[in-house]
Every structure is written in structure tokens, then in C-alpha cells.
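A quick write-up on the structure given underneath.
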Amino acid sequence: MTVKAILKGDTKVVTGKVRLSYANIFEPRSINGSDPKYSVSLIIPKDDTQQLEVIKQAIENAKERDKHKWGGKIPANLKLPLRDGDEERPEDEAYANSYFINANSTRPPAVVGLYKDAATGKVIRLTEEEVYSGCYARVSINFYGFNAAGNKGIACGLGNVQKIEDGERLGGGSSAEEDFDFEEVEDDDWI
């Protein structure tokens, strides 16, 4: 499935196809003693130039919009959310030849699939078993400036997650389907 990243407004992006890593999207988690947040690392191949350009434009827009947080000027040493996997995570092959963005939120994201329920017209929400570190998704994210405790930069807020494709699980986990053999039965045969 080929999907392109879309800039929605100045600083909101709906990504193209990204791989999820460290997907804490069903339960908030505290990292290094911080307040619990929903979070995910989005892995973006370096050759996905269309997506990277959209993300870079949203980051630039956030710099301009939020420069009042830094006294009206964009600092030279601003921390940016788009990071190089080859430089920062050389030991992790999932990040090879890729960039990544860590996105988080205090609010839970809607985690959905590609389809709506025909009877109700509502999106179908997915479970933790269906959406995991290693699968591929589109994610809505929003960039914004911060100035806290001497740190200045652009952060990435997590919106919603739409799974688009399975992938090899990261972190060594496996599904029941991967671990066991099963016999197929009709729905009413096992009751």
C-alpha cells in the first residue's frame, strides 16, 4: 500500500507508511520518572523523501510559529525531533538507513484499522495484539516548540494511529499464531 504524508495545517502531519517501535499506545508509561504518557517511535526510511520533506516543512512552520517561546529568535542549538537512526541507534537494525521521531501524548490515541463498520459507519478500533512494535501504520502528529528547564526545541505530539500492514515484531515478542499450530473450525463447532 502506497500512502503519502500529508501536511494538514501548518504543523500537523498525517504520515505516510512508518514502522512503529516502542509502541506504548494502549497504556501510558513513565519514562525516567516522568509523568506517564502514550508514546511511539516512528521509523521512516531515508529514501522516503516525500514524507521527510512534509515533516521538515511542519518542523520549520513550528519554529516560526513558536519562536516567541525563545525570545522571538530561533536558537541555533534547537533540539529537533527528526533524528538519524544510523547515528543515534547504530546497534538497532530496525533503525538502519532510517530517521525516527518520538511522539507522545497524555491523551490516548485512537488506534484503528483501514475499515469502518458498514452497519454503524464507525471506525473499527484495534487491540494491542493487532497493533504492535514492528507493524506499519499512518500516524497523525503535531509539532510544537518548547522551552523548559533550559532545554529549547521542537517536540512531537501523538495524535491517532491507523495500522496499514503487519511487520516483523520488534523486541522479541510473538503472537499466538506464530507460536502454535491450529486447526480450523466453523464458528459454531467450538462452542
Only listed residue being over 18 Å from the mean Cα position of the chain (by Cα) and over 19 Å from Leu170 (Cα atoms), chosen from Asp86, Asp117: Asp117
For the subset of region 119-134 comprising residues that are hydrophobic (A, V, I, L, M, F, W, C) and modelled with pLDDT of 95 or more, which member is least open to solvent (accessible area, probe 1.4 Å)? Val131
Considering only region 95-104, I want to know if a residue exists there that is in a loop (DSSP other than H, G, I, E, B), at negative phi, free of Cβ contacts under 8 Å to residues at least 12 places away in the same chain and open to solvent by 20 Å² or more (accessible area, probe 1.4 Å). yes
Among the residues of region 124-162, how many are over 27 Å from Lys79 (Cα atoms) and outside any strand (DSSP E or B)? 7
Inspect all residues belonging to region 98-116 and state whether any of them is modelled with pLDDT under 95, farther than 30 Å from Lys73 by Cα and among the charged types (D, E, K, R). yes
When only residues in region 105-123 that are among the hydroxyl-bearing types (Ser, Thr, Tyr) and assigned to a loop (DSSP other than H, G, I, E, B) count, which is farthest from Glu93 (Cα to Cα)? Thr120
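The values are calculated or read from the model by the stated rules, or taken from the named source; none is laboratory data. This is a predicted model, so every value here is computed, not measured. Quick reminder, even Gly has a Cβ in these numbers, built from the backbone with ideal geometry, and neighbours come from all protein chains shown. Surface accessibility is based on the protein's heavy atoms, side chains included, excluding ligands, DNA and RNA. Shrake-Rupley method; radii C 1.70, N 1.55, O 1.52, S 1.80 Å.
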